[in-house]
Structure formats: structure tokens, C-alpha cells
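Laboratory data are not the source of any read-out in this text; all were calculated from the coordinates shown. A quick note: this is a predicted structure, and the numbers were derived from the prediction, not measured. Positions of Cβ are backbone-derived with ideal geometry, glycine not excepted, and every protein chain shown enters the neighbour counts.
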Amino acid sequence: MAKKKFIVSALAGILVLGGIGVAAPRHAAAEPVSGGEITYGTQTDPVNWNPHQNNQANAFLYLRNIFDTLLEKTENGDFVPSLAESYSVSDDGTVYTFRLRDGVTFHDGEKLDAAAVKLNLDKANETPYSIYAFPNYDSATVVDDRTVEVRLKKPDASFLDSIAYIGWGIISPKSLTEHLNDLPSGGQNLAGTGPFRISSYQKGAQVVLESFDDYNWAPETKAHQGKAYLDKVTYRFLAEPSSRVGALPAQVDVIEGISALDVSKFKDRDGFVYLSNDANGDTFKLSLNAFLSPLDDVRVRQALRDGFDLDALVKSLYRGEIRRAWSHTSPVSPFYDKSLEGAWGNNVENANKLLDEAGWTERDSEGFRVKDGKRLSVRVLYPTQLDREQRSTLLQGISQQLKQNIGLEFIVDLTPSSTYLKEVASGAVHIYPSTWLHSDVRKSLNGLSNGGALATDNKADPSIQPLKDLAAEALATSDNAQRIKIFHELQRKAVIDDVTYIPLLVQAYQIAASNKVNGLGFINQIGSPEGVYDVWVAK
Amino acid sequence: MSRDNTNNAVTNRLSARPKRLSVAVILSVVFLVLIAIQVLFPEAIATHSPITIDPLAALQPPSREHWFGTDNLGRDLFSRVVHGSAYSVSIGFGATLIALAGGIVFGALAGFGGRWLDQALMRFNDVLMALPSILLALVVVALLGTGLVNTLWAIGIGLIPQFARLVRAEVLVVRNAGYVESAVGFGFSKTAVVCRHVIPNAIHPVFVLATISIGGSILAGSTLSFLKLGPQPPAPEWGLLLSEGRSVIEHAWWLGVFPGIAISLTVLSVTVVGKSLQKRYLQKES
Amino acid sequence: MPLQSILVSLSRRVALGVVVLWFTVTLTFAFLQIVPGDPAALLFGGDEIPTEEQLEEVRRDWGLERPVHEQYLLYIERLVHGDLGRSYQQRTEVATLLYSGVWSTVILAVAGLVLAVVISVPLATLTAGSSTLLRRFAFVFELVTISMPSFWIGIILILVFSFTLNWFPIVALDNPLSLVLPAATIALGLVGQLSQVMRESIERALKEPFILTARSRGLSDGSVRWGHALKHSYIPAATITGTFAGNVLTGVVVTETVFGRPGLGTITVAAITTHDIPLVLGVVIVSAAFFVLVNILVDLSYGLVDKRIGSSV
């Protein structure tokens, strides 16, 4: 017998701890006005427009305009109705029943019904088509025209996160059946149920969205109901930060992605609005390969972690606009272990002692430590296309300090994309600066429990098994306190004991706008910029 | 088709303006000597280490301490520009050497190898010329990856056809002059004749083209760097410095200005010297 | 000029063009063969490790299991049918991707070229054979523009004329004014060479007997320069137009990147960074075809400008 709930979350309650609160208060000076249009300068031309296949957090602001999900996540971490007007979970946690909202249509005129949702869930869980397949997804069944039943292989706390994630955005069945191969390249065949639809898309240049006049099913997380305030929004892709900043306010109305240096142009300035928000999920951090010499010695990893002054570097580069990180997990995550703050780092003396103990006692002509004729050297692979917010500069700063402080050679290998993931998976890379943003519990846990095994074949190493068991337990349990406890344990192990991660930065998102633009904000689930449904322009 | 378009184009394009050894040429030579000293003894000229960071001195405008100011990690821009000259100059010279070597081999084979070989090689050359050199460079980078050495190849290969055409034309001119046949007739080996007479005679225009190519290659190298397809950070290659400086140019104009001036002045000096050489060596021929 | 000779010269040109294209295609095919590693993985590109199914798809498309000469024939056959293959990264036909960028690029290139001509023609005509102050200025101007990297020119133009003075937008692509600065960037990269070549041949023409005749008939210096000598500068200038098309392409790649404009340049750079080899090959083949076409057109235009030369080619 299933019990019916409207606003229930498997993780409810504890997520309140996370809070958001970093975003500047939305200024609701006047009554919202309908009509008008804006130009929005953005960083990213999506690689792929199919929400089931896009993993760029910077592209979600477009997709969230075009697509809706069955449920929506609130600031508190609760799940509230969106396309599903209600849902229920069976007592054993393996069957979820969704009751769909009536009268919802797609941009192409198709009706939202149980069959459409089943098709979407099945596609979103089909590999290799989808990158968001849920490991414990078993099947979806159409119960009646407006009811879908989803069966899981076993209870899994992170299922609703996937349901509410834009990666499981509901696409028109017509798009999915007739135009599947055209969806990645955008265009008008890409139909959803969201408040905007694609009017035109020019690769490498811009996408123009127009209001979907039938839209009348906004979730309660939104500030208003009915169709969007704006008639039209032009997202202009401006990859170069100085172009975005230079174009505001004369040529664009809103921009996202503002470097620390440029913040002062907008923050607390007349005529501008500036908002910033810490990302949920993971931090920007170094992933260390604990199976590759010399990092297979935990003393070397500790020395590396403590051999540089992260605070000074972050302060000089980001001027207080971006915070240094203390943990693998973001401080706004409910699973963040605050006790790690101040518990590590910048202890050069001890780092040198550890390296002496580990036998790296000789020095070569360039001042690097040497053991058995081999230099103490690690290679960091950081593909240039992931480089933003001066991260490669930060890595170079760390490299410089490690050389001066502890005689460790920290080679920052910046190469354009090509094959970096293959190289990382082959185990030939010492350090990979991870920029993945895991919004969901499962992926966070997977990352945390890898035990420093970057190589695919090391991931089966028996020494990692206990960590994996812990992670599995955290996913299966319905006891939130227990889940938090396991999360804390894993974070402490990864950062303090095993040093498989060295946290660097709390990732953050920024928006700046001309002050006639109102209603801007961030996506609750991951913290990146939100679509423009609630945005309006003062006359 | 004895004297090729290329040669004429080069002659036309670059025919020297100044009638005497002008101030411009003297200044250019002086500047190039300075660059050469920078390349050979960067330590002697640089005021700071090009890689030492100093977070407290980040983004300082030009001053007595930091002549060109500092970048966002507090590195001294003047010292980075000085050390960067080695990259730009080696791209200029390296790519030209690759083109020169390839051009001499292809051009000499074509000019000397008989009708069929000549036709085959020159049609192949036409194809290479039909491909814009930037495309060849991009294909090389796409397949081989980035880095200084690959940049040399990427640029050098694209220049080979120009050199091959010119060398072949020179070889034909010299060959048709008749003295090669007579020398062979007098029992000298063909190789010896080529080495002792043909190549030295053909060398002047090739030398001029090479000088011009150095400037072009430096420009092409900085362009690849700017597109992030050349040498990688923290190398202080000039194009890369500009690319890095661009994102903060509104706050720190010096990061977007000095490396650009360095590239432009170097290319300008090479061009002026090249033109002057051309006037000296090629005027009699045109 | 007799029609027959035009046709002969045209067909010779076209035949050469076909050979050039065939060489290019063969060259790209050879590139694929000599790069080490699994060609299927190379063609698939991207950052992630392709699954066996994905590799299988690539092998099927390219016939990689067959002997090399069959692969080659398949490749040629596909191209003859206008099929440039698929980009596995973008999951789209290469032809579709290129088509989406081609107009934007052509407009930019033509605008840049026209602007270059508009600047160069008066510059060359007014300063040919004279040694005025203007000539000196022209000389310095040409030398400086030749020596400056065009991406740097672009950055400076944006900073000064768009962000500071706000004269020309660069963001609003629908606004024709947004074309001004990018076109100027390309033009400034061409002006130096173009005006030098033109001046050179105008000067040569000014020494020709027919100019002396014209002058002796009492024609003014202006009408001699603009009416007669300029016409003679067309052919050398057009000859390098072939080479110029290459410079224009370079200019386009750089300019599109600097200005964040859509087009083939942006597509190319993105294709290289994502290792999208089918797309890179597509760009090379299409550019080569474009090149061949431009050269044929330039050759034909000789005939229109100067009949004597047209019939002797």
C-alpha cells in the first residue's frame, strides 16, 4: 500500500541545513511588467541540446527555459510538483507512482500523457544514448492516461534528484521518435513543455527563445504563474570574459560568468545588479592518483597537500570573490563536513619532514628533490577548454610554491581537450583537476569513494572496497543522519587521511545585469544560473 | 613559366622603398640585434625571473621596479617578454628552416629531375599551395597536438611550396644558362655542379624569401598561440601573453599592449631588413 | 576574344581544379592512415572513451574493416555524392554543420575584402610614383599593418570602438553595424600587401608609352592615373587574390574567434579542440574546393579586364 505525499523528500529536513543564502536578495522594487525582451551574454554554446545528453552546467539556463521535469527541487531540498501534480512511494521504496498534471502540451502541439513520460524515462535510462541513466532504474509502466509507475531495482535515495534534474527533462514524444538525431544540434524540432521555445539557433553565435503562450504550469518554486513575462530572450554566446563584461550594459542586458577582477565594475554600482551563488555538489579540487609513483606513498601526497599557501593564492587571484575550499564537497551541500576547515594545508615544515622520511633527501641542480636518481615530479593534466576563472593560473601558482617550498616538481600540462579522459583513465596521469559538478548524491559518493584510483583498472583494487561499501550503504539507507555520518567519514578520509583529493576552490556562479532587469536567480538544485521565466524588464 | 608568379609577387610586394641605407633599416638592425641578445642571454636583460610569482605584486602598472608592469600572479611582464622572445624567434627561424629544407629538396628535384618528375612535383606543389597554410597548420595541430615543436612543423610545412617553387625557378634559370651542360660535358659530375654552382647562384632570392618568411612565421606562431593551439602556458610566448592578457585588458592595459608591441616591432624590423636585402640582391634581376 | 579559346582555357582550369581537389582528398585520406592508433577512435574524437558500439558505427561508416584501397574508393565515392561524413561528437552531418556557418563566413570575408579594396585603391593610386607626405604616411601605415597580428588589431578595435566609444556594436548580429569592426580587422590585414602590389604595377604602367601618349594628348594626371594606370594594376593584384583568399581565411578564423561570431572559423577551431576529425577534414575539403573556385573565377576575370591578356593565357 503506497502512502500519498505531496511534498515529501527522501532527503527532506536535512537539506535545510544546506541553505543557499549567498545570492544577493532579489530586488522586488516594483510590480512585474509583462512584455519586452532581453539580450543575455553567456559563456557557453551547448555542445548538445538534448537534455538527456548535455552535461554542461553552464547550458542548463537555456534548457530550463525549454524543458520541465516531473518534480522540482526547492531551496530547502524538498521536491514539489511540476509536470507531476503528485507522486507516491511504495513502502519498500522501490515503486514510485507519478500522477501527471492535466492539460499540458508540448511546443509542437503534442499532449503530455503517461505514454510520453514513459517514453522519456525509458530513453533517459538507455545507454549509450543517455548520459543520465540511473543504475537502479528498472522500468516504467503506463497505469492510465495520466499515471506512470516507475519500478526501481532496489531502494535508492537519489532517485528523486534524477527526476528533478534537467537531464531528465521531458521531451515531446514526436521529437524523440521522429527527430531524435536532430535534437543534439538544437533547432525547432526540439520541443519541450517549458515557458520558452526555440525560435532560432545559430551555432557559435546565439539562440533566440520566444515565449510559449500556452504555458500555464509553473511549479510553486517560481515567483509567478502563467506565461513568462518576457516575449523573447536572445542568448548571445560570448566565450571571452572581457567581451561579456565590455558589452554590458550598452549591448547586452544580462551576463553570466564574471571574473573576480571584473566584479567591482558591477557590484554595488549604480545601474547594475550583481548576484553570485556558490555551487552545490563538489568543489574544484585536485584528484590524486594514489596508484602511481611517487603519489603511491601517502607521505608524498600529504606533503603535496600541505606544501603551499592556498589562502594567499586564492586571495590574490580572486580578491575575495571566490572562496578557497576545505572539502571535496561544497560548503552549501547538506553533507559538508565543516570540521575539515582549518584542519589541513600550508604546513611547509611538516611537508618537508614527510618528504625526508619518505626518502626524498637529495636535491638536483634545479633544486628538486631526488630519490634513487629520480626527480620528485608529478604531472597535472588540465585540458585548456576546461580552464576558466584563471584556474590554470592558480595551478601555476601552486606549482611555483611547491618548487620553492618543498622541492616538488608540479608540471601543469595544459593541452586542448583531445584525449584527456582517456589518459586519466589509463592511469598515466598523477593529478587531474576535477571540475565535475555533481549535483546528485550518487555521483558525489562515487567520486568520494574512489580511493585515489583514477585508472579504470585500479578501480577494482581490493583496498578501495571498504570505501565503496560505505558509499553503497549511504545510498541505500533511509536514515539521513546515518547518510551524513558516512559522508563526513568519507570526506575526512579522502582529504585528511588518504589525501586522494586536495580541495582548492568553492565553485561559484555570477550574474550581472543592468538594473532594469528583475527576477534573475539561480537553479536550486545545482546553483548555476536559472532560466528567465521570472525575469521582467522595468519600463 | 620560367619565372614564377611567386617570385614576381615577392619582388613586387616587397620591393624596397628606401633608396639608401635608411634610418629605418639601421633602427631595424639595431632592434634585431637587441632581440638576438635577449634570445641568447635572457638572464642578462630580464630584471626578474619570468616565472616567480608574487601574489602581493599582482597587476601593478608599469613602474621603475616593473618596467612593463606585472600580471595577475605578480610576474614581471618585462622579464616574461624578454624570455618569450626565444619562443617567437625559434618559431620564426625553425619554421623557415623546415620550409627552406623542404623547398630546396623539392625544388631541386623538380628543377633537375627531368620532365616527368618536375610535372608531378609541381602539380603536387600546386595542391599544397591551393590549401591555405592556416588549414595545413590546423590539420597538423589537430593530428599531432600542440606544443612548440608541433607549431614549427605546422607553420613550416605550409611554407614549403613557396620555397619549392622559387628554388625550382632559380634552378631552371641557372640550368638554362648553359654552363651546367658544358660543365657536365667537361666531365664534372652533375652533383658537383649542382653543389658548387647551381645552389650558390639560386641562393640570393631564396635567402630574401627566407628573411621575409621569418617575419610571417612569427606572426603565424603568435596567431596559433592566441588560438591556444601553440606553445602552452606557462611559456611566455608573446601570442600566449596577449591571449592571457586579453581577459584583464580593461584593468591592466599593459598586459594587452607590450607583448603586442614586441611582436609587431620584431616583425616590422624583419620586414624592413628583408626589403632592404631584396633591393640589394634582386633589383638587378627584375 | 574568341569563345573557343575561353572555353579551352576554362576547361583547362577546371581540369586542374579537379586534380587539385582529388589530391587534397587523397592527402587527407593519407593523413588518416599514417596517424598512429585506432583510426575508428581517432575519427570518433572527443574526450570520452567510445564504447564498442560507437566504434562499430564508425567502422561501418568508413568501411574500416575492408582493405585500404576499398576504404579509399568508398571515401571518394561518398565525397562525390556530396557526403562529407558525420561528426560523431556533435552527432550531426558534417555538411549540415558547415552549411550553418558558411554564409556568415562568406559575408564577413567579402565585407573584409571589399573594405580592403576600398582602402587600397585610392591609397595606391594617389601615391604611385610620387614622393609626397601622403606617400610616406602610406608607407608607414602599410608596414605597420603588415607587422601587427590581426587578433591584436581586433582586440584593440573592440576595446576602443565598441566598449569604450560605443560606436559599433559587436553583439547584435542582426545589426549590420556589427559587421564593421570584424570587416575592418580583416581588411587591415590585407591592405598592406594589396596596396603595395597595386602601386607597384601602377608605377610600371605610368612609364609605359601609351601613358605618355595619353599625357601628350593633354589628359590630366588624375585621369591618367584613375582611367588608365589603375586598370593595369588589376592583373597583378588579382593574381595575388588567390593567395589573398588564404589570408582572408586566416583572417576569418582569427576574427571570428576574437569577435565571437559564428562561421566556419569558429567551427574549425572548435573542431580541433574537440578532436572532431571528420569535421576538420570536411573543413579542409570544402576550403580547397572554395579555393579552386576562386582561382578559376580570377583567371576568367582577366579576360574581362584585358582582352589581350585574356587571349594569350
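Considering the stretch A:284-505 at the alpha-carbon level, its Rg and Dmax are found to be 17.1, 58 Å. Taking the number of Cβ atoms within 10 Å of each Cβ as an exposure proxy, the fewest-first ranking of C:ARG13, A:ARG363, A:ARG369 is A:ARG363, C:ARG13, A:ARG369.
Can you tell me how chain C classifies by the Cα gyration tensor, rounded, prolate or oblate, using a/c under 1.5 as the rounded cut? Judged from the Cα gyration tensor, chain C comes out oblate (a/c at least 1.5, b/c at or above a/b).
Would you mind calculating the relative contact order of the stretch B:23-285 from Cα pairs under 8 angstrom and at least 6 residues apart, reporting the percent as a whole number? Intermediate results must be reported in sequence, preceding the final value.
On the way: 400 pairs, mean separation 61.9, N = 263.
Relative contact order for the stretch B:23-285 comes out at 24 percent.
For chain A, the longest principal axis of the Cα atoms and the long axis of helix A:391-406 meet at an angle of about 20 degrees. Close amide H contacts of A:SER200 (hydrogens built in the peptide plane, cut-off under 5 Å, sequence separation of 5 or more or a different chain): A:VAL208.
The three principal axes of the C-alpha atoms in chain A carry coordinate ranges of 74, 58, 40 Å, sorted with the longest axis first. Ordering B:HIS251, A:HIS52 from the fewest to the most neighbouring beta carbons within 10 Å gives B:HIS251, A:HIS52. Helix A:465-476 and the longest principal axis of the C-alpha atoms of chain A enclose an angle of approximately 20°. For the stretch A:103-175, applying the loop criterion from DSSP together with a ceiling of 14 other beta carbons within 10 Å to the GluC sites (Glu not before Pro) yields A:GLU126. Run the numbers on chain A and let me know its relative contact order in percent, using alpha-carbon pairs under 8 Å that are six or more apart. Value for chain A: 21 percent.
Farthest towards the positive end of the charge dipole of the stretch C:3-94, among the residues C:VAL20, C:SER87, C:THR51, is the Cα of C:VAL20, using unit charges on the Cβ of Lys, Arg, Asp and Glu. Each Cα pair of the protein assembly as shown feeds into the Kirkwood radius, which the Stokes-Einstein equation turns, at 4 °C and 1.567 mPa s, into a diffusion coefficient of 40 µm²/s. Beyond 24 Å, what share of the Cα-Cα pairs of the stretch C:49-207 is found? Please give it as a whole percent. When all Cα pairs of the stretch C:49-207 are counted, 58 percent exceed 24 Å. The mean number of Cβ atoms from other chains found within 10 Å of a Cβ in peptide B:227-234 is 6, as a whole number.
Taken as entire DSSP H runs, the helices of chain C that both span 30 Å or more between Cα atoms along their own long axis and average -1.0 or more on the Kyte-Doolittle scale are C:3-34, C:94-127, C:180-206, C:234-259, C:277-305. The angle separating the long axis of helix A:348-357 from the principal Cα axis of greatest extent in chain A is about 60 degrees. A simple count of charges around B:HIS83, restricted to other residues whose Cβ falls under 14 Å of its Cβ and scoring Lys, Arg +1 and Asp, Glu -1, yields -2.
Note on the stretch A:159-230: dipole from Cβ charges, positive end direction compared against A:PHE159, A:SER200, A:THR177; the farthest Cα belongs to A:SER200.
Can you tell me the order of A:346-358, A:291-303, A:455-467 when each peptide is scored by its average per-residue count of other Cβ atoms within 10 angstrom, highest first? Before the final figure, lay out the partial values.
Numbers: A:346-358: 16.8, A:291-303: 20.0, A:455-467: 14.2.
Most protected by this proxy first, the peptides run A:291-303, A:346-358, A:455-467.
Dipole magnitude for the stretch C:95-305: computed about the Cα centre from +1 point charges on Lys and Arg Cβ and -1 point charges on Asp and Glu Cβ, it is near 700 debye. Partner shielding of B:247-254 amounts to 5, given as the average count of beta-carbon atoms from other chains within 10 Å of each residue beta-carbon. Relative contact order, percent, of the stretch C:95-305 when contacts are C-alpha pairs under 8 Å separated by at least 6 residues? Across the stretch C:95-305, relative contact order equals 28 percent.
For every helix of n ≥ 4 consecutive DSSP H residues, a contribution of -39,500 (n - 2.57) applies; sum these over chain C, divide by its total residues, and give [θ] at 222 nm rounded to the nearest 500 deg cm²/dmol.
On the way: 13 runs with 225 residues, N = 313.
Value at 222 nm, helices only, nearest 500: -24000 deg cm²/dmol.
Only Lys, Arg, Asp and Glu count, each charged at its Cβ (+1, +1, -1, -1), so figure out the dipole size of the stretch C:3-94 about its Cα centre, rounded to 20 debye.
Details: 8 positive and 13 negative charges, 155 e Å.
Its charge dipole is roughly 740 debye.
Looking at the square roots a ≥ b ≥ c of the eigenvalues of the Cα gyration tensor of the stretch A:370-415, which shape do they give, rounded for a/c under 1.5, prolate if a/b is larger than b/c, or oblate?
Numbers: a/c = 5.73, a/b = 1.86, b/c = 3.09.
Since a/c reaches 1.5 but b/c is at least a/b, the shape of the stretch A:370-415 is classed as oblate.
Under the combined filter of DSSP loop state and at most 13 neighbouring Cβ atoms within 10 Å, the stretch A:105-161 retains these trypsin sites (Lys or Arg not before Pro): A:LYS153.
Computed from the alpha carbon positions, the gyration tensor of the stretch A:153-261 leads to an equivalent ellipsoid with semi-axes of 28, 19, 18 Å, biggest first.
Percent of C-alpha pairs per 5 Å bin in the stretch C:3-94, short distances first: 3, 12, 19, 21, 16, 9, 7, 5, 4, 3, 1, 1.
For C:ARG199, C:ARG135, which order do you get if you count the other beta carbons within 10 Å of each Cβ and list the fewest first? Walk me through the intermediate numbers first.
Values: C:ARG199 26, C:ARG135 17.
Final ranking by Cβ density, sparse to dense: C:ARG135, C:ARG199.
A simple charge model with +1 on the Cβ of Lys and Arg, -1 on the Cβ of Asp and Glu and nothing else charged puts the dipole of the stretch A:284-505 at about 420 debye relative to its Cα centre.
Positive end of the charge dipole of the protein assembly as shown (Lys, Arg +1 and Asp, Glu -1 on Cβ, about the Cα centre): tell me which of A:VAL263, C:GLN196, A:PRO331 has its Cα farthest that way. Looking along the dipole axis, the top candidate is C:GLN196.
The mean number of Cβ atoms from other chains found within 10 Å of a Cβ in peptide C:17-30 is 3, as a whole number.
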